[in-house]
Amino acid sequence: MLFDMAGTLSDTEAFWQEAEERIAIRYGTGDMKGKAEQQVGAPMEARAAFLQARYGVRLSIPEIQRLTVEHVLSRIATGFAWRPGACELLAEAKRLGIPTALVTSSPRVIAQAVVEALPEGSFDVLVVDEDVTCNKPDPEPYLAAANRLGVDPLRCIAIEDSLNGTLSAQQAGCLVIAVPTHVPIDEAQRRIVLPTLTGISLQQLAPIGMT
């Protein structure tokens, strides 16, 4: 099983939006007024470029990324919640011996900060921003995760909350369970949309060809 992180496993997507909104106000032309949601699931560089282009942020992309990461790490350090049902599904996969990977557009330092809050060994593989040349919605992150696990991506289940992540996993060949949090996602071929993972188990998913 392949899990996205922010908004899917950890309820930390709002931390990214907070950081971007503060940067837009302090270094750009003003309040984003909730439009940070437009960048949910986008790679860090693309999110930084969006701040420059749309809000005239007077910082370089690396500077924007640094400030964003610093804010997100500080918020994670104060505590965060898990998305409903996600940890339970992950724990079930581990009990059944199913290989697991975290596939995120976040940098390694943030992924590790989140993973450290989970039981040791929760993930067999981490694929983060620094590990790929092209991030979501490109299929490379999910292809890399499947390759590192030694499994066929066509036999993988990917759990995602964003359209970019969903497209990435689908183009890699994965069956996708989409649980939208900030932006809507429609059902499509090899894409199942659920309102929540609460109460969802692998046993329940088996009848629809997911195990």
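Annotations
- Condition check for Pro62: over 16 Å from the mean Cα position of the chain (by Cα) and assigned by TED's automatic domain parsing to the domain that holds Lys136: no
- Complete set of residues in the range 55-78 that are part of a helix (DSSP H, G or I) and of a type in the set (Ser, Thr, Tyr): Tyr55, Thr68, Ser74
- Lone unmet requirement of (1) farther than 23 Å from Asp11 by Cβ; (2) at pLDDT 95 or above for Val72: (1)
- The range 2-16 - residue that is surrounded by 24 or more Cβ atoms within 10 Å (Cβ to Cβ) and either more than 10 Å from the chain's Cα centre (by Cα) or among the polar types (S, T, N, Q) (or both) and, of those, nearest to Pro119 (Cα to Cα): Ser10
- Scanning the range 92-142 for residues that are assigned to a helix (DSSP H, G or I), in contact (Cβ under 8 Å) with a residue 40 or more places away in the chain and within 19 Å of Ser162 (Cα to Cα) gives Ile110, Ala111, Val114, Asp129, Tyr142.
- Filter result for Glu160 (surrounded by fewer than 21 Cβ atoms within 10 Å (Cβ to Cβ) and either of a type in the set (D, E, K, R) or farther than 21 Å from Leu194 by Cα (or both)): no
- The listed residues are Ala36, Ala19, Ala46, and the only one of them that is out of contact with any Leu (no Cβ under 6 Å at 6 or more places or on another chain), modelled with pLDDT under 95 and surrounded by fewer than 18 Cβ atoms within 10 Å (Cβ to Cβ) turns out to be Ala46.
- Residue list for the range 172-185, restricted to those being within 19 Å of Leu102 (Cβ to Cβ), free of Cβ contacts under 8 Å to residues at least 60 places away in the same chain and not hydrophobic (A, V, I, L, M, F, W, C): Gly173
- Index of the failed condition, Thr104 passing every other in (1) in contact with an Asp or Glu (Cβ under 9 Å, 6 or more places away or on another chain); (2) surrounded by fewer than 16 Cβ atoms within 10 Å (Cβ to Cβ); (3) of a type outside the set (Gly, Ala, Ser): (2)
- Checklist (1) more than 27 Å from Val69 (Cα to Cα); (2) crowded, with 21+ Cβ neighbours inside 10 Å; (3) among the aliphatic types (A, V, I, L, M) applied to Leu154, failing item: (2)
- For the range 143-167, the set of residues classified as part of a helix (DSSP H, G or I) and touching a Phe, Trp or Tyr at 6+ places or on another chain (Cβ under 8 Å) consists of Pro153 only.
- Search result, residues across the range 67-91 that are among the polar types (S, T, N, Q) and either in contact (Cβ under 8 Å) with a residue 12 or more places away in the chain or closer than 19 Å to Gln204 by Cα (or both): Thr68
- Every residue from the range 57-72 that is buried (at least 16 other Cβ atoms within 10 Å of the Cβ) and within 15 Å of Gln112 (Cα to Cα): Val69, Val72
The values are calculated or read from the model by the stated rules, or taken from the named source; none is laboratory data. Since we're looking at a predicted model, the values are computed, not measured. Neighbour counts are summed over all protein chains in view; Cβ atoms, including those assigned to glycine, are modelled from backbone coordinates with ideal geometry.
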